[in-house]
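The values are calculated or read from the model by the stated rules, or taken from the named source; none is laboratory data. Note that this is a predicted model, so its numbers are computed, not measured. Please note: Cβ atoms are built from the backbone with ideal geometry, for glycine as well, and neighbour counts cover all protein chains shown.
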Amino acid sequence: MERAEAPQLPRRSLDAERRRCNASAMTAATSSFGQHLREWRQRRRMSQLDLALVADVSARHLSFIETGRARPSREMVLHLCERLSVPLRERNAILLSAGYAPVFPRRSLDDPALTQARKAVELVLKGHEPFPALAVDRHWNLVSANHAVSHMMTGAADELLAPPVNVLRLSLHPRGLAPRIENYAEWRHHILARLRQQIEASADPQLMNLLRELSSFPVASTHRSTTADLPQDGVVTPLRFRSDAGVLSLISTTTVFGTPIDITLEELAIEAFFPADDDTAEKLRALAHLSGKRPVDRLSDRKQQSA
């Protein structure tokens, strides 16, 4: 029995079908990109006209891009992301949605390409002693810390100190540092407000989950307060922490890499604590003198710990 051959479409029909498929794929890509663009524009509380002005493009063209009627070039995608201050990790996702390959690398901290950056972090942490300083990733997981931080870890539950250590969870958890924070309500208010700002800037779902978790931690009646109870004077919110040497009053600063093009570096931050008064400075120096200068959890140790 002879097998019946499938009917063959004329070549013109095949070419037209390919063009329709390509056009359909391109429309889907531009539509997906347009949705991403609109979400980030709205997240930054910008109208199409606002973005068009800062990006130096016509509002009409921007509207066409958002609705999928025009396909942006890769350069235009990156240009709009830059004007919207989109994080590098999300820029890669947006490039993919527009049909382009990601351009921003995400290396491990152990990668040789990050050697100098890793040394810079170590230098800052070590140079900040005898005052506490630590490096964290985008989800507030501990990457490295100097020895002074160990004075603040005493008494925390072992499960909260098991890698990866989330420093915000450790700070607010009832079995973490919370019982030793004298101005817990004030410090909790500061941490949650800062986390909300970070979520608004990044739309990171893992940070959203972390915020829900931290907000659910019980607050002792002695720690409850309202916004009206928070201090109205001063210039910063201090952390008042009970250490073995007495109450430490600390103010914090955040340091980030200024011009990163690697995702890991962009998401790395150094939290450094300074004494808010001379008494705290003396207590920290005394603690450092008693315990010595033994390094703790340096960046160079991370590879050994994970092995």
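Summed over the stretch 98-123, residues that are among the hydroxyl-bearing types (Ser, Thr, Tyr) and modelled with pLDDT of 95 or more total 2. Consider Leu210 against the criteria (1) farther than 26 Å from Ile263 by Cβ; (2) surrounded by 15 or more Cβ atoms within 10 Å (Cβ to Cβ); (3) of a type in the set (A, V, I, L, M, F, W, C): it satisfies all of them except one. Which criterion is unmet? Among (1) farther than 26 Å from Ile263 by Cβ; (2) surrounded by 15 or more Cβ atoms within 10 Å (Cβ to Cβ); (3) of a type in the set (A, V, I, L, M, F, W, C), Leu210 violates only (1).
The residue that is modelled with the lowest pLDDT, counting only those in the stretch 30-47 that are surrounded by fewer than 19 Cβ atoms within 10 Å (Cβ to Cβ) and more than 23 Å from the chain's Cα centre (by Cα), is Ser31. Filtering the stretch 254-266 for residues that are at pLDDT below 90, in contact with a helix residue (DSSP H, G or I) (Cβ under 9 Å, 6 or more places away or on another chain) and not assigned by TED's automatic domain parsing to the domain that holds Val86 leaves an empty set. Residues in the stretch 101-158 that are of a type in the set (A, V, I, L, M) and in a helix (DSSP H, G or I): 11 in all.
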